[in-house]
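Structure record follows, encoded as structure tokens.
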Amino acid sequence: MSQFTTIQYLKAQGVARITLNRPDKRNAINFDLSKELNKALLQAKEDKEVRVVIITGAGSAFCAGIDLAFFRGMKPVDFRVFMETFYGEMTDIQRNLGKPTIAALNGPTLAAGCTIAFSCDMIIASEKVTLGYPEINVGLMPAMHLILLPRLVGKYKAFELCLIGERITAEEALKLGMINKVVGHDKLEAATDEIAKKLASKSPLLAKYCKDSFYRGMDMDFKKGIMDAIDILCVALSSEDSYEGLSAFVEKRTPAWKGR
């Protein structure tokens, strides 16, 4: 089992919980946290007992973004390496994880903290959460969100969020379709665990097929995406889990998934 210093990694009942653990820095991201987050995600990917991954934050914040003290004065070539590790590698790992991931937002989620949250497949937020892209206020730009946000909320709201840099509440984010659900602060863990339990109850093989097809389809044109999904469905139908799921439905019993 890997040892971590900037995150916590716990596994129970098929769920891996990754907690960003720099509460004194509001879980701001430095190179160590970025690398350890990727390492933890890969550990969960390789662990056959893990069905679902939850990412949350320690203390009062989910993540305040990149640690500006770590970032200030960094040479462009070094910053490029950091960004490729954080933005590039993490996004690729998340998309190819083969297992559902949930961001449980326990507090302010800002700048690169939004990158972590939106790299996940689902987002559950405490009522105390605020989200925003304040980079423009400190002489930076929100990078990937200039590409991602218009797809989530449309051109005009995305431009406002990125170029004005003001925060929005969790309820506003919910109305914009940026997150799945807002719950009372003291109910966040229970609400997230409930969704994780539902996801973990599905066939791990079919969950992987669905996630793979979902993200490939987002990168394709409509017709090509449809045909790709059909191809994967045909492969899924030849699996033991598909036969087991159909048999269990007909026989009115709970399926016993084998992951193959």
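Can you pull out the residues in the range 151-205 that are of a type in the set (Val, Ile, Thr) and within 24 Å of ASP47 (Cβ to Cβ)?
THR192, ILE195
Does the range 48-61 contain any residue that is exposed (fewer than 12 other Cβ atoms within 10 Å of the Cβ) and outside any loop (DSSP other than H, G, I, E, B)?
The answer is no; no qualifying residue exists.
Anything in the range 132-167 that is of a type in the set (Asp, Glu) and assigned to a helix (DSSP H, G or I)? List them, or say none.
GLU135, GLU160
Quick one: is ILE123 modelled with pLDDT of 95 or more, surrounded by 21 or more Cβ atoms within 10 Å (Cβ to Cβ) and either hydrophobic (A, V, I, L, M, F, W, C) or in a loop (DSSP other than H, G, I, E, B) (or both)?
Yes.
Looking only at the range 60-102, filter to residues that are closer than 16 Å to SER119 by Cα and acidic (Asp, Glu); which one of those is farthest from the chain's Cα centre (by Cα)?
GLU84
Checking SER203 against (1) surrounded by 14 or more Cβ atoms within 10 Å (Cβ to Cβ); (2) closer than 28 Å to THR115 by Cβ; (3) of a type in the set (Gly, Ala, Ser), which single condition isn't satisfied?
(2)
Being aliphatic (A, V, I, L, M), within 16 Å of MET122 (Cβ to Cβ), in contact with a helix residue (DSSP H, G or I) (Cβ under 8 Å, 6 or more places away or on another chain) and modelled with pLDDT under 95, is that true of even one residue in the range 214-222?
At the first step, the residues of the range 214-222 found to be aliphatic (A, V, I, L, M) are 218, 220.
Pick out the ones that are also within 16 Å of MET122 (Cβ to Cβ) and you get 218.
Filter once more, keeping what is in contact with a helix residue (DSSP H, G or I) (Cβ under 8 Å, 6 or more places away or on another chain): 218.
Subsequent filtering for residues that are modelled with pLDDT under 95 retains 218.
Within the range 214-222 (the criterion being aliphatic (A, V, I, L, M), within 16 Å of MET122 (Cβ to Cβ), in contact with a helix residue (DSSP H, G or I) (Cβ under 8 Å, 6 or more places away or on another chain) and modelled with pLDDT under 95), the answer is yes, since at least one residue qualifies.
Could you look through the range 131-163, keep only residues that are of a type in the set (Val, Ile, Thr) and within 21 Å of ASP67 (Cα to Cα), and pick out the one that is surrounded by the most Cβ atoms within 10 Å (Cβ to Cβ)?
Ranking the qualifying residues of the range 131-163, first place goes to ILE136.
Assess whether MET90 counts as being modelled with pLDDT under 85, part of a helix (DSSP H, G or I), crowded, with 16+ Cβ neighbours inside 10 Å and on the phi < 0 side of the Ramachandran plot.
Judged against the criteria, MET90 is not a match.
Which of the following residues is farther than 28 Å from PHE70 by Cα, in the same structural domain as CYS63 (by TED's automatic domain parsing) and at pLDDT 95 or above: ALA40, ALA16?
ALA16
Within the set of pairs 6+ apart or on separate chains, which have a first residue in the range 27-53 that is more than 14 Å from LYS99 (Cα to Cα), a second that is assigned to a helix (DSSP H, G or I), and C-beta atoms under 6 Å apart?
Partner pairs satisfying both residue conditions: ILE29/ALA112; ASN30/PHE70; PHE31/PHE82; SER34/THR85; SER34/PHE86; ASN38/GLU89; ASN38/MET90; ASN38/ILE93.
The values are calculated or read from the model by the stated rules, or taken from the named source; none is laboratory data. Just so you know, these numbers come straight off a predicted model, no measurement behind them. Neighbour counts run over all protein chains shown; Cβ positions are idealised from the backbone, glycine included.
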